[in-house]
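Below: the structure, in structure tokens.
The values are calculated or read from the model by the stated rules, or taken from the named source; none is laboratory data. Just so it is clear, the structure is predicted and the values come from calculations on it, not from any experiment. As a convention, Cβ positions derive from the backbone with ideal geometry for all residues, glycine included, and neighbour counts pool all protein chains shown. Just the protein is used for accessible areas: all its heavy atoms, side chains included, with ligands, DNA and RNA removed. Shrake-Rupley method; radii C 1.70, N 1.55, O 1.52, S 1.80 Å.
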Amino acid sequence: MSGDTGPTSVAPSPGETEPGRGVRIVVEYCEPCGFEATYLELASAVKEQYPGIEIESRLGGTGAFEIEINGQLVFSKLENGGFPYEKDLIEAIRRASNGEPLEKITNSRPPCVIL
């Protein structure tokens, strides 16, 4: 016996789940408004933090950038006038993955305006 215990697994132990697993995000955005880049940036940041998360995009109406987590609207650009901060969305995902109640994200960063 050489002391080799064989391959080690990085998979979660039984009873544990990968963070974000079971959380479903839908982002509806206005493509003609140029919001696809914002969606891709946000989706990339979320996937980096929560690789097992499911993110779906849909084309929305003029000015839309709406985010649902597990069917609950958590952010609306139409209501807030800007885009969500990544940290606020990551926190909402953390809450959802822990089974905690979700609250609407009311902080928003202003959209870029070219003068």
Run down 95, 58 and say which single residue is closer than 19 Å to residue 35 by Cα, open to solvent by 40 Å² or more (accessible area, probe 1.4 Å) and of a type in the set (Lys, Arg).
58
Unmet criterion (only one of (1) more than 18 Å from residue 20 (Cα to Cα); (2) within 13 Å of the chain's Cα centre (by Cα)) for residue 91
(1)
Could you check residue 90 against (1) in contact with a helix residue (DSSP H, G or I) (Cβ under 8 Å, 6 or more places away or on another chain); (2) outside any helix (DSSP H, G or I); (3) among the β-branched types (Val, Ile, Thr) and say which number it fails?
(2)
The condition from (1) out of contact with any strand residue (DSSP E or B) (no Cβ under 6 Å at 6 or more places or on another chain); (2) open to solvent by less than 40 Å² (accessible area, probe 1.4 Å) that residue 86 misses is numbered (2)
Read through the list (1) outside any helix (DSSP H, G or I); (2) modelled with pLDDT of 95 or more; (3) open to solvent by 40 Å² or more (accessible area, probe 1.4 Å), then give the number of the only condition that residue 75 fails.
(3)
Kindly evaluate residue 62 against the criterion of being at pLDDT below 60, of a type in the set (Val, Ile, Thr), in a loop (DSSP other than H, G, I, E, B) and out of contact with any Leu (no Cβ under 8 Å at 6 or more places or on another chain).
no
What are the residues in region 93-102 that are without any contact (Cβ under 8 Å) to a residue 12 or more places away in the chain and in a loop (DSSP other than H, G, I, E, B), if any?
98, 99, 100, 101
May I ask you to list pairs of residues, at least six apart or on different chains, whose Cβ atoms are under 8 Å apart, with the first in region 61-80 being in contact (Cβ under 8 Å) with a residue 24 or more places away in the chain and farther than 16 Å from residue 94 by Cα and the second being open to solvent by 30 Å² or more (accessible area, probe 1.4 Å) and part of a strand (DSSP E or B)?
64/28; 65/28; 66/28; 66/73
